[in-house]
Amino acid sequence: MQLDGVLFFPVTPFDASGGVAVDVLAEHVKHGVAAGPGGVFVACGTGEFNALDVDEFEQVVKVAVEATAGRVPVFAGAGGPLPIAKRFAAAAKSAGADGLLLLPPYLVSSPPAGLVRYVEEVSQAGNLPTIVYQRNNAVFTPDSAVEVACLPHVIGLKDGLGDIDQMQRLVLAIRSRVDKPFQFFNGLPTAELTVSAYRGIGVELYSSAVFCFAPDISLGFYEAVTSGDTAKTNRLLTDFYWPLVELRDKVPGYAVSLVKAAVAKTGLAVGGVRPPLLDPSPEHLAELDRIIAAGRAALEG
């Protein structure tokens with residue numbers, strides 16, 4: 001399975017009683033798919049995977065699969081303690097997902113061989129094409145990355161660490177020693193800010209949380225980058241993505257809650273975030289409005 005284009009990471013809507021708002025989720029996914037992403041990654045970081053139980057997760061994945069209707073692949077998150085990660089992986093398979101995005105294990109240090117074993121066991125439990133997410137405590141050496149890439153279900157490596165030197169070593173090791181199709185992804189929050197750096201080491205795919213609430217800006221940026229329109233790329237980076245990252249960094253968790261608030265501003269009743277995240281303050285929401293307006297102005301030139 002080979003992915004391309006902008007990758008869509010939907011939020012998970014919650015209703016007034018705190019449960020998953022399945023109808024709103026279906027509308028959110030349908031609207032996003034209609035805009036033309038290369039894939040849907042549901043119940044991952046932007047979708048508050050950390051705040052869902054297994055039953056909710058399976059429901060969210062099932063709704064996303066039905067709403068996508070086979071137009072693009074649907075990947076679902078999995079991760080955390082090994083037994084729980086395996087349950088999420090199996091639930092994703094049961095709900096009809098096309099693949100897994102394997103998030104880090106529970107926050108504990110581990111040797112490379114233990115991390116390889118974790119990936120092997122969870123990917124076997126899901127029996128689905130699996131993209132492994134390197135971030136936080138899930139950090140690979142070139143040798144362990146090659147071991148993981150050789151596992152039968154693993155098809156890609158997504159980087160959320162941001163160490164370009166380390167990622168270049170992983171890319172070179174896997175490309176020289178793994179004999180199967182394999183893809184690399186830039187998974188940093190607001191990945192557009194680092195797209196040019198990652199493209200320089202051969203990592204062209206990236207996550208786009210902006211696609212959730214402003215697909216026109218997200219797709220416009222992608223077109224500018226891939227066509228070599230440096231002026232538009234720099235304009236969008238300067239006027240939109242950089243200010244968005246500055247706002248995001250003001251409060252821990254804003255990488256998710258700001259995105260969800262921005263989706264709500266499009267008219268979808270997605271609700272707020274679950275603890276331990278917090279919804280943005282009124283002044284930050286007003287700043288978000290100004291940033292989105294500036295992004296659309298930059299898009300038009």
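The values are calculated or read from the model by the stated rules, or taken from the named source; none is laboratory data. Just so it is clear, the structure is predicted and the values come from calculations on it, not from any experiment. As a convention, Cβ positions derive from the backbone with ideal geometry for all residues, glycine included, and neighbour counts pool all protein chains shown. Side chains included, ligands, DNA and RNA excluded: accessible areas come from the protein's heavy atoms. Shrake-Rupley method; radii C 1.70, N 1.55, O 1.52, S 1.80 Å.
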Counted residues, the stretch 32-55 - those being surrounded by fewer than 17 Cβ atoms within 10 Å (Cβ to Cβ), free of Cβ contacts under 8 Å to residues at least 40 places away in the same chain and not in a loop (DSSP other than H, G, I, E, B): 4
Subset of the stretch 205-218 [open to solvent by 10 Å² or more (accessible area, probe 1.4 Å) and not in a helix (DSSP H, G or I)]: 205, 207, 213
Criterion: within 30 Å of residue 301 (Cβ to Cβ), open to solvent by less than 60 Å² (accessible area, probe 1.4 Å) and touching a helix residue (DSSP H, G or I) at 6+ places or on another chain (Cβ under 9 Å) - qualifying residue of 198, 222: 198
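For the stretch 228-250, indicate whether the set of residues that are of a type in the set (Lys, Arg), within 27 Å of residue 15 (Cβ to Cβ) and in contact (Cβ under 8 Å) with a residue 12 or more places away in the chain is non-empty.
yes
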Cβ-Cβ under 8 Å pairs, at least 6 apart or on other chains, the stretch 253-269 side over 15 Å from residue 292 (Cβ atoms), far side of a type in the set (Lys, Arg) and crowded, with 20+ Cβ neighbours inside 10 Å: 255/248
Residues within the stretch 256-285 that are in a helix (DSSP H, G or I), of a type in the set (A, V, I, L, M) and open to solvent by 40 Å² or more (accessible area, probe 1.4 Å), tallied: 2
Unique match (being part of a strand (DSSP E or B) and open to solvent by less than 60 Å² (accessible area, probe 1.4 Å)) among 157, 115, 151, 170: 157
Residue under evaluation residue 17, criteria (1) of a type in the set (Ser, Thr, Tyr); (2) in contact with a Gly (Cβ under 9 Å, 6 or more places away or on another chain); (3) surrounded by fewer than 18 Cβ atoms within 10 Å (Cβ to Cβ), criterion not met: (2)
Scan of the stretch 74-112 for residues that are under 17 Å from residue 153 (Cβ atoms), open to solvent by 20 Å² or more (accessible area, probe 1.4 Å) and either touching a His at 6+ places or on another chain (Cβ under 8 Å) or part of a helix (DSSP H, G or I) (or both), ordered by number: 82, 86, 87, 90, 93, 94
Residue list for the stretch 173-204, filter: part of a loop (DSSP other than H, G, I, E, B) and at negative phi: 178, 179, 180, 181, 182, 187, 188, 189, 200, 201, 203, 204
Residue check for residue 101: within 18 Å of residue 129 (Cβ to Cβ), touching a residue at least 40 places away in the same chain (Cβ under 8 Å) and not basic (Lys, Arg): yes
